[in-house]
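Please treat every number below as a calculation from the coordinates, not as lab data. Since the model is a prediction, treat every value here as computed from it, not as a measurement. Cβ: placed from backbone, ideal geometry, glycine included. Neighbour counts: every protein chain shown.
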Amino acid sequence: MMRRMRCSAIYRALALLLLVACRRDTDERSSRPPGAPESPAVLPSVVPPVVSPPVAPPLPLPRPDEGKLRTEDERNTTAIFRAAAPSTVFVTQLRVLIDQFQRTATEVPAGSGSGFAWDDAGTIVTNFHVVQGARALTVTLNTQKTYPARIVGVEPRKDIAVIKIDVPPGTLTPLRVVDPKEPLEVGQKTIAIGNPFGLDHTLTTGVISALGRQMEGVGGVTIRDMIQTDAAINPGNSGGPLLDSSGMLIGMNTMIFSKSGSSAGIGFAVPARAIARIVPQIISTGHAEELGFGIEIDPNQQAERRLGIRGVLVLDVLKGTSAEAAGLQGLSRTPDGIALGDIVVGIGPSPVSGYDDFYNALDEHHAGEEVEVKFLRANRVASARVTLSALR
C-alpha cells in the first residue's frame, strides 16, 4: 500500500513538471514572431552594432574623346567653320518706304545676302547683285552688332562689290585667299558658309564638280572660269565664301542653277583669282581696271545686231594710242555715206564674236602687255600688234 502511494506521488510530480514545461514552451512560441524559425537556446551575449561603410559619391562620367567619335573629315569641317564663321557677315539692303497718307518715310529691308571680311580695316566683299540699287546698306557681324555700310566700288561684269564699315581695328578677321597660281582640281572638298536672313551662320559641304564654267552675270557679260560645286548654295548665301579643306578662300558663292529657285546641288562661285585681282583695284581707285588699246566700241552692239556682224565694230580710233600706231581704222564718211571700219575678230589666241568675247579676252591680260589683234577689213583678215593700257 505504501509502495503504491509512493509511485502515485512520483507520477503526480512528473506530471506537474511536464505541465510546467509545456506551459513554458507555449509562452515562448506565443512570444516568437509568426514564421520565425525555432532556434536552440543560447547563452545571452553582447552583439556589437553593425557599422555601414561610408558611401562614396558617384564618379563623373568621362568626357567623350572627339578623336574617337569624329572622323578626320568632321574635325576638319568643324575647325574651318569655327575659324571662318566670324569672318562671314550679313548684308542688308535698305530702301525708303514712303507713306503718302501719313507723309512719313521709313527705311525697310529690301534684300539681303552674305559677305566676308577682306581686311581688318572694315572692307567687306559681296556680290554686286546683293547691293544693286540700294539706297542704304547695313552689315551685321558675328557678334550681332549692326553697322551702316557704304559702297566703295563695284564690278558688275564679275558680280563683285566692295563695301566699307567703320569698326575699331581688330574687329574683323580677314579670310586668307588661295594662291592664284595654285591650280584647283575637280573633286576637291568645298565648304560654303553664309548668313542667310541674318538668323545665324549656315554651312554646307561638297566638292568641286567642275571648273571653267561660264554663266551669264548681272553685268551683261559671261562670267568665265566659274567654280561649280554641289555644296548647297541657298538664297541669302550669295556673297558668302567658298573655302577649301585648308580654310582658304577659293571663290565667292554667287548663283544656283535651279528652275524652282531652291538649291538643286548645282551652285556657282566667282573664282578667287578674279576676286584677288579686282578687289585691290576697287579699294585703290573705286573701280575695276578695264583694259583697251585705243578704240571706241559699243558694248550694246546695236550696229552689229542690225547689220548681222560677228565681231566688234571699231567706231573710232583715238589719237596717240596704240591702235592708231597699229593702223586700225574706224567708221568714215564717204560720198556714198558711212563706210564701216575694222571689225575685231580675235585677240591673242581667243576668237571674238561679240563684246562678251572681247571683254573676257582682254580680261586675261594686264596693262602694258602686247597682244595680237585680228580684224576684218574689206572682207579680208589682217592682224596688228597693240599694247594694252588701262582705260581709267
Completion exercise
By the Kirkwood definition, with r running over pairs of different Cα atoms, segment 285-332 has a hydrodynamic radius in Å of 12.1
Problem - Counted charge near Pro168, where neighbours are those whose Cβ lies closer than 12 Å (Asp, Glu -1; Lys, Arg +1) - result: -1
Problem - Debye-sum result for segment 280-384 in log10 I(q)/I(0), which assumes one identical scatterer on each alpha carbon, at q = 0.13, 0.17, 0.23 Å⁻¹ - result: -0.48, -0.80, -1.37
